[in-house]
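The values are calculated or read from the model by the stated rules, or taken from the named source; none is laboratory data. It should be emphasised that the depicted structure is a prediction, and the values quoted were computed from it without experimental measurement. Every residue, glycine among them, receives a Cβ derived from its backbone with ideal geometry; neighbour counts consider all protein chains shown. Ligands, DNA and RNA are stripped out before the accessible areas are found, and what is left, the full protein with its side chains, is counted by its heavy atoms. Shrake-Rupley method; radii C 1.70, N 1.55, O 1.52, S 1.80 Å.
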Amino acid sequence: MSPTTNVVVLDNGGGLIKAGLGGERDPSAILPNCLYRSPASKKWLHPNPLNHATTTEQDLTSASVRRPMDRGYLINPDLQREIWSNLFSSILRINPSHSSLLVTEPLFTLPSIQRSMDELVFEDFNFRSLYVADSPSLVHLYEASRRPNGLVSRAQCSLVVDCGFSFTHASPVFQNFTLNYGVKRIDLGGKALTNYLKELVSFRAVNVMEETFIIDDVKEKLCFVSLDVPRDLHIASGKENLFRSTYVLPDGVTYTKGFVKYPEKACQYLALRDGGFPPPSIPPLETRRDMNCNEIVEQPEEDRKRVDLTKNEFDLTNERFLVPEMIFRPADLGMNQAGLAECIVRAVNSCHPHLHPVLYESIILTGGSTLFPQFAERLEKELRPLVPDDYHVKITTQEDPILGVWRGGSLLASSPDFEAMCVTKSEYEELGSARCRKRFFH
């Protein structure tokens with residue numbers, strides 16, 4: 001195979017696509033894996049890449065969304081073809097017939113979905129060769145290469161916790177292979193958390209059931225993981241509420257994106273780490289001037305509880321920590337599933353006892369939902385009582401949990417052995433999808 005620049009690395013997630021060329025540190029494009037249509041338009045449009053500066057601002061208010069993936073799996077190959085075609089021709093500007101492809105695929109993908117993916121790659125886009133990888137092994141590979149003298153590299157063993165868009169996996173990895181018999185899954189990811197936040201805000205303040213992109217932004221900017229839920233619920237129900245923050249909705253004229261009003265006030269909850277109950281403070285005058293807010297008027301409690309339907313903003317209080325809490329307590333959403341800490345323990349117990357101490361000491365967090373503040377601290381707090389006392393628990397969050405999988409793929413694509421690991425187009429045409437797939441050991 002010619003140079004590594006001819007390998008396209010594609011982390012094809014349910015929420016975001018990360019795409020670029022093998023051997024590079026960061027992907028060339030990060031874009032939502034969907035098409036959207038605004039209420040004023042009849043055409044389905046491609047969202048702008050998130051990491052590109054664009055001159056045209058897209059108004060995503062009340063936009064309808066079509067996704068090729070549902071619950072993590074490819075269900076609409078035609079839609080995926082349309083999205084990939086735009087990606088390869090307009091954004092990456094590559095010729096698939098002169099390139100190889102490394103693409104990620106969820107664990108336990110059905111053979112029928114695998115066939116659809118192979119047809120897309122070889123028959124629709126005519127890629128020269130294909131390698132299919134799973135996310136945990138790529139995360140392990142990247143973390144082992146980052147710390148050559150660390151435990152993950154020396155023991156060639158880790159437990160990858162991937163909290164993604166569609167679901168959450170706890171996956172033991174040994175010698176760069178995911179141990180499928182030890183993988184445990186929670187059917188809960190970023191999409192379910194966004195939908196839950198939509199319901200809470202719609203019930204308590206203003207109807208946002210159609211505002212997928214806006215509520216995603218609210219979740220990412222304002223939600224956090226509580227270290228003590230009963231204490232925080234008590235604080236959120238009192239007058240001295242540290243958690244109340246205001247999100248201003250786009251009006252479509254002055255601004256097309258929502259924003260947090262008084263960002264300093266939104267971060268006051270961090271003062272609770274040392275167990276204190278500091279009173280809420282009003283931001284300084286300079287901050288208020290910067291945010292085009294002239295003054296803050298203290299209102300009686302009864303007026304604050306009353307919803308003004310003419311206002312283009314809403315308040316969040318306990319929703320900020322109750323939404324991410326679902327990852328640790330899925331039963332609160334009516335799901336008959338274990339929380340994340342118990343899920344990790346079950347994954348470890350599925351493996352050989354000799355691996356247990358190493359797995360607990362090399363837990364790697366990846367996926368966008370691990371970006372909630374205090375996520376790792378809360379997980380360690382929940383996990384410690386469930387783990388034998390003589391085992392160490394060490395949780396590492398990737399430097400960029402959203403790009404970790406892609407960076408592992410880029411590293412693999414630039415290795416000298418990559419060509420031998422791929423399935424070529426001629427092999428696919430001769431042997432078919434099922435026999436070619438055996439090469440990937442999934």
log₁₀ of I(q)/I(0) at q = 0.32, 0.34 Å⁻¹ - region 140-182, Debye sum with one point per alpha carbon: -1.07, -1.13
Sort 383-392, 169-178 by packing, meaning the average of other beta carbons within 10 Å per residue, with the highest value first. 169-178, 383-392
Given H placed 1.01 Å from N in the peptide plane, which residues other than close sequence neighbours of V7 have an amide H under 5 Å from its amide H? G22, S100
Which value in deg cm²/dmol, rounded to the nearest 500, describes the helix-derived mean residue ellipticity at 222 nm for the chain, given -39,500 (n - 2.57) per DSSP H run of n ≥ 4 and division by the residue count? -8500 deg cm²/dmol
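Averaged per residue, what accessible surface does region 84-239 expose to a 1.4 Å probe, in Å²?
40
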With every protein chain in place, the chain: carbon and sulfur % of accessible area (1.4 Å): 50
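Quick one: pull the percentage of alpha-carbon pairs in region 1-160 with a separation above 27 Å.
Numbers: 3847 of 12720 pairs.
The answer is 30 percent, as a whole percent.
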Binning every alpha carbon pair distance of the chain at 10 Å from zero, what are the percents per bin? 4, 19, 28, 25, 16, 6, 1, 0
Taking all protein chains together and a probe of 1.4 Å, list Y196, Y142 from the most accessible to the least accessible. Y196, Y142
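For R437, R67, give the ranking by accessible area with the largest first, probe 1.4 Å.
In descending accessible area the options line up as R67, R437.
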Counting DSSP beta bridges with both partners in the chain, what percentage is antiparallel, nearest 5? 70
Region 311-368 accessible area per residue, 1.4 Å probe, protein heavy atoms, integer Å², reads 36
By DSSP, what percent of the beta bridges with both residues in region 8-92 are antiparallel, rounded to the nearest 5? 100
For K438, list the lysines whose Cα falls under 25 Å from its own Cα; do not include residues on the same chain fewer than 8 positions away. K184, K425
Stokes-Einstein at 37 °C, 0.692 mPa s, Kirkwood radius from Cα pairs: D for region 306-421 in µm² s⁻¹? 190
Could you sort out which of K219/K381; K239/K381; K221/K257; K219/K261 sit more than 20 Å apart by Cα distance in this structure? K219/K381; K239/K381
Not counting ligands, DNA or RNA, and with a 1.4 Å probe, what is E342's accessible surface area in Å² rounded to the nearest 10? 80
